[in-house]
DNA sequence: ATAAAATAACTGACTAGTCAGTCATAATTA
DNA sequence: TAATTATGACTGACTAGTCAGTTATTTTAT
């Protein structure tokens, strides 16, 4: 737990047991994501998580000490791989700010919005107030890192004269907002008014880049 | 139920009983908003709603037939007064598109984001998938109306040469996105990174208007 | 190798508690 | 008084979490 760096360092021999254990852990996390996404935290049944992972209920408690801990772990495990990737986006080779911003947004759309990670995004919004831990974790590890990248890009854009001078309060949230809304829309309102993510992405980038342009 | 037009048409005599009944109905709706906002739908207890309304649990069932119905009614009642106001924004006196857009957004911020209606917004996102009725209702009565207003404003802006030609897929969602995110941020991440809604609003408007400008 | 012993992982019936919804009784109002 | 409205104790269905017992895997001894 809480080992956010990928733990597969020196290749341990990995006995059959250990291997199965890891697989089961993964299966449980996946099942948890599925069940929590489907019905939310409170309405999710541990029995369902167990069944979905092909395991009995007791087993779940051999891996996680409580429903809450399972939930938190599920979020962390699913977000961890993303975090290192975000970090890489900070130190990008020479590209114009415009191109970097586009690339970073594309990353956002493909790595979160088009994945079932968007379910996690929604869960954070839905359950965040009841899980201050988690909201804080998500903020510290995902949001603030993402913000740092965008901030750097904007600074570059201003320095190089591509973007106008802008540093209003909440600028970064405003820039990303379109993406968050797309994710939510897909999950909640798509049946009533479908959203084509690709086209939406283009609109988003167009609008924002024009808004920033010098 | 489902009378979305303000029902206080011809002033009925309103006997003492009827009056008390209405008051209690209101108290219950308010209590429901408070409790559901605090813990979400599944974890909310009818007992708590009753206590918060100063009434016994049995009474709740004299006014609403189930927890679900109470939830739906609560959303509808809280959103209804908004809807007529939105409609008015469609038929606005002569103003530049820019001014109209600013005004409409201000409306959004002051009438939803700064109210505890933003809790409802969050509840819709959280519970929407479990309440397709509600999501649909919200979409049909709030979102699509709001969209119509913005669409009209944009058209005006294009016609009058203020805005550039733009009608990308999801343009409207992108325009409003900043506001939705502000509402969510306040509810979920404010403790970790506070958001000043007024300053945020300025940034939002600035960014969007520039993005649209011809 | 093979069997026996030891350990680790798993199971599902069970407990203890929760909560939506009901209903017999009481209070209020007309 | 009669009718309406309110109460809160009660029920029954449901579920998080436990644990005594079972099964699978690994180690040790022959």
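Quick check, is residue B:141 surrounded by fewer than 22 Cβ atoms within 10 Å (Cβ to Cβ) and under 14 Å from the mean Cα position of the chain (by Cα)? When the stated conditions are applied, residue B:141 passes them.
For segment A:35-47, taking the residues that are within 23 Å of the chain's Cα centre (by Cα) and free of Cβ contacts under 8 Å to residues at least 40 places away in the same chain, the one that is farthest from DNA strand C (Cβ to nearest atom) is identified as A:38.
Checking B:72, B:88 one by one, the residue that is modelled with pLDDT under 95 and within 29 Å of residue A:123 (Cα to Cα) is B:72 and no other.
Consider residue A:171 carefully, then state whether it is out of contact with any strand residue (DSSP E or B) (no Cβ under 6 Å at 6 or more places or on another chain), more than 7 Å from chain B (Cβ to nearest Cβ) and touching a residue at least 12 places away in the same chain (Cβ under 8 Å). It is false that residue A:171 is out of contact with any strand residue (DSSP E or B) (no Cβ under 6 Å at 6 or more places or on another chain), more than 7 Å from chain B (Cβ to nearest Cβ) and touching a residue at least 12 places away in the same chain (Cβ under 8 Å). Of the residues making up segment B:126-159, those that are touching a helix residue (DSSP H, G or I) at 6+ places or on another chain (Cβ under 8 Å), within 29 Å of residue A:36 (Cα to Cα) and free of Cβ contacts under 8 Å to residues at least 60 places away in the same chain are B:128, B:129, B:135.
Please go through segment A:48-70 and pick out each residue that is surrounded by 17 or more Cβ atoms within 10 Å (Cβ to Cβ) and within 13 Å of DNA strand C (Cβ to nearest atom). Selection gives A:49, A:50, A:52, A:53, A:55, A:60, A:63, A:64.
Of the residues making up segment A:78-118, those that are farther than 22 Å from residue A:178 by Cα and either surrounded by 18 or more Cβ atoms within 10 Å (Cβ to Cβ) or within 16 Å of DNA strand C (Cβ to nearest atom) (or both) number 1.
Candidates in segment A:187-201 are the residues that are assigned to a loop (DSSP other than H, G, I, E, B) and more than 8 Å from chain B (Cβ to nearest Cβ); of these, the one that is surrounded by the fewest Cβ atoms within 10 Å (Cβ to Cβ) is A:194. In segment A:91-110, the residues that are touching a residue at least 60 places away in the same chain (Cβ under 8 Å) form no Cβ pair under 7 Å with any partner that is exposed (fewer than 15 other Cβ atoms within 10 Å of the Cβ) and in a helix (DSSP H, G or I), whether six or more places apart or across chains. Out of all the residues in segment B:202-214, which are at pLDDT below 95 and not in a loop (DSSP other than H, G, I, E, B)? The answer is B:213, and nothing else.
The values are calculated or read from the model by the stated rules, or taken from the named source; none is laboratory data. If you're wondering where the values come from, they're calculated on a predicted model, not measured in any experiment. All Cβ positions, even for glycine, are placed from backbone atoms using ideal geometry, and neighbour counts span all protein chains on display.
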